[in-house]
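What follows is one structure encoded as structure tokens, with my remarks underneath.
We did not get these values from a lab; they are worked out from the coordinates using the rules stated. Because the structure is a prediction, the values reported are computed rather than measured. Every residue, glycine among them, receives a Cβ derived from its backbone with ideal geometry; neighbour counts consider all protein chains shown.
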Amino acid sequence: MTNLPTTPIHLGQASALPASPQDAVLDYVPNPRPGRPYLVRFTAPEFTSLCPVTGQPDFAHLVIDYAPGDTIVESKSLKLFLGAFRNHAGFHEDCTVGIGERLFAEMRPIWLRIGGYWYPRGGIPIDVFWQSGEPPMGMWLPPQDVPGYRGRG
């Protein structure tokens, strides 16, 4: 992890929402249970970004699952990172996959997956999924259990 802070800069501190996802600094702390494959899940049911064409807000329910390596992501810094997308114009695919790739590149978990369950744009819900590879053998992997969009049905 090059150029990453060695001590958390957000934990226990007042932190402003970053102006953009690129400006956001994610904090990572040592894994308290190294050497064991276990699953960590973050759920962001009110994720927002902007449509790059219309500038209108887009909404998603994100589910991030990962098996930690040497570090875990500090939750406050993750919340600030995700909040920085509120003024970010990006397609659903770019936002979802970009979040997964950044976390995987910086944190270096054993395994990571992200599910982006986007609410309809133009009448079509778009769900985007990315994972870093096969999950660790023998690790319990619960379903993400986000129901598909049903509209009025």
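Of note:
- Highest average first, the peptides 56-62, 128-134 ordered by how many other beta carbon atoms sit within 10 Å of their residues are 56-62, 128-134.
- Under 5 Å between amide hydrogens, built in the peptide plane, is the criterion, and for E74 it picks out D27, Y28, V29 among residues at least 5 positions away or on other chains.
- Close amide H partners of W111, meaning residues 5 or more places away or on another chain with modelled amide H under 5 Å apart, are A67.
- With Cα atoms, 0 to 90° folded angle of helix 92-107 axis to the chain main axis: 0
- Debye equation applied to the C-alpha atoms of the stretch 39-131, log10 I(q)/I(0) at 0.12, 0.13, 0.17 Å⁻¹: -0.35, -0.41, -0.68
- Note on the chain: with a GNM built from Cα contacts shorter than 10 Å, the maximum mean-square fluctuation among V29, V53, V73 falls on V53.
- Amide H within-cut-off set for D58, under 5 Å, with H built and near neighbours excluded: S49, L50, C51
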